[in-house]
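Since the structure comes first, as structure tokens, the remarks are kept for the end.
The values are calculated or read from the model by the stated rules, or taken from the named source; none is laboratory data. For clarity, every value in this text was computed on a predicted model and none was experimentally measured. Using ideal geometry, Cβ is built from the backbone for each residue, glycine included, and neighbour counts are taken over all protein chains shown. Each accessible area value is taken on the protein alone, full model and side chains, heavy atoms only, with ligands, DNA and RNA left out. Shrake-Rupley method; radii C 1.70, N 1.55, O 1.52, S 1.80 Å.
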Amino acid sequence: QVQLVESGGGLVQAGSSLRLSCAASERTTSRYDMAWFRQAPGKEREFVLAISWGGGRTSYADSVKGRFTISRDNAKNMVYLQMNRLKPEDTAVYYCAARTGSIISLTSGYDYWGQGTQVTVSS
């Protein structure tokens, strides 16, 4: 059972940057595709971005392209979400997710989830 713990959320102003971290309980970054999802109040959870287990593939939601970046540190079992030029519409609970490495689309099929971290962007 993979356990994921997010951190780094908070309240920031529009235009600011924030980095979220996801700590994994095992060496997930070497065997698992990793992703970030988010859920805004009253909305469905949505895909944000993901990176394949080998790092050769990434996928981004159109709404965050050019502003958000996913990265990982295999040695530390960490995955990061760098968010730049934040907008009020980025306000949501952000979830880290993992799945066994697969060739299918990176946007779905995740089996393991963290508890989420709140990001609030004020205008």
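At-a-glance table
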| read-out | value |
| --- | --- |
| Alpha-carbon centroids, region 1-45 and region 58-123: separation in whole Å | 5 |
| Charge tally in the Cβ shell below 14 Å around Q39, where Lys, Arg are +1 and Asp, Glu are -1, Q39 excluded | -2 |
| Estimated dipole of region 1-98 in Debye, rounded to 20 [Cβ of Lys and Arg +1, of Asp and Glu -1, Cα centre] | 200 |
| Relative contact order %, the chain, counting alpha carbon pairs below 8 Å whose residues are six or more apart | 37 |
| Accessible carbon and sulfur surface of the chain relative to its total accessible area, %, 1.4 Å | 47 |
| Top of I51, I103, I70 by mean-square fluctuation, Gaussian network on the chain, Cα under 10 Å | I103 |
| Gaussian network model of the chain, Cα within-10 Å springs - most flexible of R38, R67, R19 | R67 |
| Among S21, S71, S102: highest mean-square fluctuation, GNM of the chain, C-alpha pairs under 10 Å | S102 |
| Sites matching GluC sites (Glu not before Pro) across region 1-100 that sit in DSSP coil, with at most 15 neighbouring C-beta atoms within 10 Å | E26, E44 |
| Per residue value of the accessible surface for the chain (all protein chains in place, 1.4 Å probe), Å² | 50 |
| Accessible surface of V2 - all protein chains present, 1.4 Å probe, nearest 10 Å² | 10 |
| Reachable lysines, given that their alpha-carbon falls under 25 Å from the alpha-carbon of K65 and they are not under 8 places away in the same chain | K43, K87 |
